[in-house]
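K.L.:
Mind having a look at this structure? Questions to follow.
FYI, it's all coordinate maths here, none of it is from the lab. Keep in mind that this is a model prediction, so the values were computed, not measured. Positions of Cβ are generated from backbone atoms using ideal geometry, with glycine treated the same way; all protein chains shown enter the neighbour counts.
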């Protein structure tokens, strides 16, 4: 958890546009679906609250340009993301590899800071970040679906 928090905190200090909150919202939404598949609807709802919070942060960043999630916000987001995953692993059926991919998904934002990518158009950089985040999170969801199957009944 400390490594992911350090990575996200460093990323939040360098990326001050709206791409980080939307990447975190995407990760939280896919995490919520994975937790629902892992038979823990209550924790799935909490991850959904994290997604809604990051969606609100996204809108705030669109309004208040050059705002970052640096500082305490990244610690809170990391603890919530990890807490939901740990709860899904220990108290439900979430596979560990699925949780690992979901935890690492937001860190794909570091791809934007490579020299070769920095020469790209800013929209292409953001697209790369969001596609990579979605891909990592989708792999985590795919692992959960493969091991647990899709839900067949209510919760």
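K.L.:
Just to confirm the number: angle between the C-alpha axis of helix 41-63 and the first principal axis of the chain, 0 to 90 degrees, nearest 10?
P.N.:
The angle comes out near 10 degrees.
K.L.:
Another question about this same structure. Can you give the helix-only mean residue ellipticity at 222 nm for the chain, where every DSSP H stretch with n ≥ 4 adds -39500 (n - 2.57) and the sum goes over all residues, rounded to the nearest 500 deg cm²/dmol?
P.N.:
-24500 deg cm²/dmol
K.L.:
Residues of the range 108-152 with amide nitrogen under 13 Å from the 7 Å Cα-to-Cβ point of residue 62?
P.N.:
Under 13 Å, as judged by backbone N against the label point of residue 62, lies no residue of the range 108-152.
K.L.:
Now a separate question. Find the relative contact order for the range 26-91 and round it to a whole percent, using C-alpha pairs within less than 8 Å whose residues are 6+ positions apart.
P.N.:
Numbers: 43 pairs, mean separation 25.2, N = 66.
Relative contact order comes out at 38 percent.
K.L.:
Another question, if that's okay. How long is the range 87-155 along each principal axis, judged by its Cα atoms, biggest number first, in Å?
P.N.:
Extents along the principal axes: 48, 21, 17 Å.
K.L.:
Kindly express, to the nearest 10 degrees and within the range 0 to 90, the angle between helix 122-148's C-alpha long axis and the longest C-alpha principal axis of the chain.
P.N.:
10 degrees
K.L.:
What fraction, in whole percent, of alpha-carbon pairs in the range 3-47 exceed 14 Å separation?
P.N.:
Details: 575 of 990 pairs.
It works out to 58 percent of all Cα pairs.
K.L.:
When 119, 44 are ordered from fewest to most other Cβ atoms inside 10 Å of their Cβ, what list results? Could you put the intermediate results ahead of the total?
P.N.:
Details: 119 9, 44 21.
Taking fewest neighbouring Cβ atoms as first place, the list is 119, 44.
K.L.:
Any number yet on Rg/Rh for the chain, C-alpha, Kirkwood? Can you show the working numbers first?
P.N.:
Numbers: Rg = 15.3 Å, Rh = 15.5 Å.
Ratio value, two decimals: 0.98.
K.L.:
So how tilted is helix 72-91 from the main axis of the chain? Cα-based, degrees 0 to 90, rounded to 10.
P.N.:
With both axes taken from Cα atoms, the answer is about 20 degrees.
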